[in-house]
Amino acid sequence: MCAHIVLAEDDDKQAELVRRYLEREQHRVVVVPDGREALAHVRREPPDLLVLDVMLPGMDGLTICRTLRAESDIPVLMLTARSTEDDLLRGLDLGADDYMTKPFSPRELVARVRTLLRRTKSAHGAGAALRVGGLTVDPLRHEVTADGRPIECTPGEFRLLEVMAAQPDRVFTRGQLLERLHGFDRYITHRAIDVHVMNLRKKIEAQPRKPTRLLTVYGVGYKLTAGPSHGA
């Protein structure tokens, strides 16, 4: 799977190492050492994937991610030297699709890139729209609507809705959802799912604190229903 990848990294040695590993996979890699330059490049020539370091001169990676998510669904793999759970959750909350802490194995990074690209390709080649009551998830167009109203979702939020909409009323554990979104990842915890659910409720529920669609099944996990107005 040959892809155009932008690597936003200001550490020359780190950037060269990652570039070499990605190019061995036949990817076309553009290295950009400055945050503002990276954002401009992505806007000018949208890549298939952005590998984004958090600590960049000019503009930090978190700001870049937040900005991009307002205008694009380009997959983002975030790299950071910060390893606390709060830092990780903040990155996911801003729309990162995956998160790796330094130091990391270049081989693991290549595997993560492969997974993200495969997931994106699968979404683009997906089938018919999924409807659960007044909520519609369209994998082909990568669009979500709630009662006819367009909903802007990060890739992680979209993938969670897609998984749950394919099996409405099924109760998913956090572990099952985490596996479908991020695979087996020692850095990403069940709280990442809670962050996605909290943000989705703000977007698809009339009263986020009293959800009728994306429900908590206490002691188990979450389920997506049609809502009481649709006989659920």
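Quick note: the coordinates plus some simple rules give every number you see, no bench work behind them. Keep in mind it's a predicted model, so treat the numbers as computed, not measured. Cβ: placed from backbone, ideal geometry, glycine included. Neighbour counts: every protein chain shown.
A few notes on this one:
- Using Cβ point charges alone (K and R +1, D and E -1), the dipole size of segment 4-124 about the Cα centre works out to roughly 460 debye.
- The chain: antiparallel DSSP beta bridges as a percent of all, rounded to 5: 50
- Rg and Dmax of segment 130-230, based on Cα coordinates, read 12.7, 40 Å.
- Theoretical ellipticity at 222 nm over the chain - DSSP helices of four or more residues, -39500 (n - 2.57) apiece, nearest 500: -12500 deg cm²/dmol
- The alpha carbons of segment 4-124 give a radius of gyration and a Dmax of 12.9, 35 Å, in that order.
- By the rule of a C-alpha distance below 18 Å, with chain neighbours fewer than 8 residues away ignored, the lysines paired with residue 13 are 102.
- Under the convention that each Lys and Arg Cβ holds +1 and each Asp and Glu Cβ holds -1, the size of the dipole of the chain around its Cα centre is about 740 debye.
- When Rg and the Kirkwood Rh are both derived from Cα coordinates, the Rg/Rh ratio for the chain amounts to 0.98.
- Among 30, 54, 76, the ranking by other beta carbons within 10 Å of each residue's beta carbon, starting with the fewest, stands as 30, 54, 76.
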